[in-house]
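K.L.:
Submitted below is the structure of interest, expressed as structure tokens.
The values are calculated or read from the model by the stated rules, or taken from the named source; none is laboratory data. This one's a predicted model, so the numbers in the text were calculated from it and none came from an experiment. Heads up, the Cβs are rebuilt from the backbone with ideal geometry, glycines too, and the neighbour counts pull from every protein chain shown.
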Amino acid sequence: MILAVNPNRMELLKLKRRLTLARRGYKLLKDKRDALIQKFIQLVHENRNIREEFEKKMRECMNSFLIASLAMGYNDLDSIFSFPKRNINVKTTYQNVMSVQVPRYKIIEEGNLYTYGMKNTSPELDNAIKKYKQIIPLMVKMAELDKAIVLLTEEIEKTRRRVNALEYVMIPNLEDTIKFITMKLDEMARSSNSALMRIKEIIRGE
């Protein structure tokens, strides 16, 4: 589509500068999109591996708690955890990944892992709690990766739309307009030359 501009040399120079900038911006955005996709694929693979490890450890944890409950009884197990003495908080920071602010979560633990006496509890309970402690970082890491994947997906889509707009709309429009103005200027130059030639012939004829 030809842009609505005056077909003169000043506009032609402006359009050529815009075309140069558009092509440069297109290359940068295309490189960014490709890098984002590469990072996205990396995070998806990492998330899948973490999730598989989490599911495996979660099954082990549930089995360990089941064994502990059978060894001690459900009532005794419930009474142990009625008054928790351990707190777990998550601190959030952000990391810039390809202009995307991706959250990073850090676990802050307070209190003892084993909040009960060892006299009336079974070793199976110790093992279950130890396994439970191992899955907490995995849960936090999965949440971090899930959020990063969502943010990167949004940025990829945004960048893809910009790349397409430059590739299929802006750059072709600028190229078509430059060709149109160039043709118009050539026509005007030919008309001027023809007029000058006629004037010269008229002058010579006199």
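K.L.:
Criterion first (at pLDDT below 95 and within 22 Å of Leu29 (Cα to Cα)) does Glu144 satisfy it?
P.N.:
Against the criterion (at pLDDT below 95 and within 22 Å of Leu29 (Cα to Cα)), Glu144 does not qualify.
K.L.:
Now for a separate question. Identify the single condition in (1) assigned to a helix (DSSP H, G or I); (2) modelled with pLDDT under 95 that His45 does not satisfy, given that it satisfies every other one.
P.N.:
Of the numbered conditions (1) assigned to a helix (DSSP H, G or I); (2) modelled with pLDDT under 95, the odd one out for His45 is (2).
K.L.:
Examine segment 75-88 for a residue that is under 30 Å from Leu151 (Cα atoms) and either in a strand (DSSP E or B) or modelled with pLDDT under 95 (or both), and state whether such a residue exists.
P.N.:
Yes, segment 75-88 contains a residue that is under 30 Å from Leu151 (Cα atoms) and either in a strand (DSSP E or B) or modelled with pLDDT under 95 (or both).
K.L.:
So for segment 9-25 (the condition being modelled with pLDDT under 85 and of a type in the set (Ser, Thr, Tyr)), does at least one residue qualify?
P.N.:
Scanning segment 9-25, I find no residue that is modelled with pLDDT under 85 and of a type in the set (Ser, Thr, Tyr), so the answer is no.
K.L.:
Name the single residue, out of those in segment 106-139 being at pLDDT 85 or above and crowded, with 17+ Cβ neighbours inside 10 Å, that is farthest from Cys61 (Cα to Cα).
P.N.:
Step by step, filter segment 106-139, then rank; the result is Leu138.
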